[in-house]
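The structure under discussion appears below in the form of structure tokens.
What follows is calculated from the coordinates using simple rules that are stated; it is not laboratory data. Bear in mind the structure is a predicted one, so any value in this text is a computation, not a measurement. Note that we place each Cβ from the backbone using ideal geometry, even for glycine, and neighbour counts take in every protein chain shown.
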Amino acid sequence: MSWRKVVLRLVGLALLLLFLIWSYPYLKNLVRVVKLYRQPPPASLPVPVEGVAPSDLTDTWGAARSEGRRHEGIDIFAPRRTPIHSTTQGVVVSKGWNRLGGRTVTVFGPAGWRHYYAHLDEWETPAVGDWVEVGTVLGYVGDSGNAQGTPTHLHYGIYAGGEARNPYPLLAGPPHHERATPAQRPPAARAPSSPPRRRRGARGHSGGASR
Ligand SMILES: [Zn+2]
């Protein structure tokens, strides 16, 4: 066997190993992951930070952030070490540190949406590959990562098919039991105060990199 073949086989083995490490959380819960994928995306979600009401939330989606980034989530302010609950069932697919998010946890949930919890002060026990329920404590509110020194908060982000989605309408929406019978719901209860419609073209979206 030539050295080229040996190298190719080693590279192949290394790639297979990397794939297995990456897919471990999914493989460990394969049946449940398939079921999660087939579930419809959530129409509403509970607020993940203990003691915070939907009416306490502020929509900061798209607000300017450092390094020219846009805010891809919601910041939910609470005292340090307030428990953070999973908003969905799902599988913990990552748990670790990154420069921006600090201590983070990502849960793979219904419809394959990823739920990203960041700036934790400390993690709770669910490990990568573990199954979590709605309400499972994932960790505690802090200011880790690029939030260091700012008021303690949870940064909560939702990614659907690689695209970030605004969690705010889901968190502030009607509770789960109300959406089972949409036909019976009085129309007045739907929109307490409808926000002003965004006019097309009124905002400088075509302006490219303008902030
Ligand atoms: Zn944030």
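Neighbours of T106 by Cβ distance under 9 Å: Lys/Arg scored +1, Asp/Glu scored -1, total +2. The string of couplings for the range 147-160 from the Karplus curve (6.51, -1.76, 1.60, θ = phi - 60°) is 8, 3, x, 8, x, 4, 7, 8, 8, 10, x, 10, 10, 10 Hz, one whole number per residue in order, with x for Gly and Pro. Of all lysines in the structure, the ones whose alpha carbon falls short of 18 Å from that of K95, not counting any fewer than 8 places away in one chain, are K28. Counting other Cβ atoms within 10 Å as a rough exposure proxy, the listed residues R69, R165 run R69, R165 from fewest neighbours to most.
Couplings for the range 36-44, taken from phi via the Karplus curve 6.51 cos²θ - 1.76 cosθ + 1.60 with θ = phi - 60°, read 4, 4, 7, 6, x, x, x, 8, 7 Hz in order; Gly and Pro are left as x. Computed on the range 1-174, the Cα convex hull volume stands at 143 Å³ per residue.
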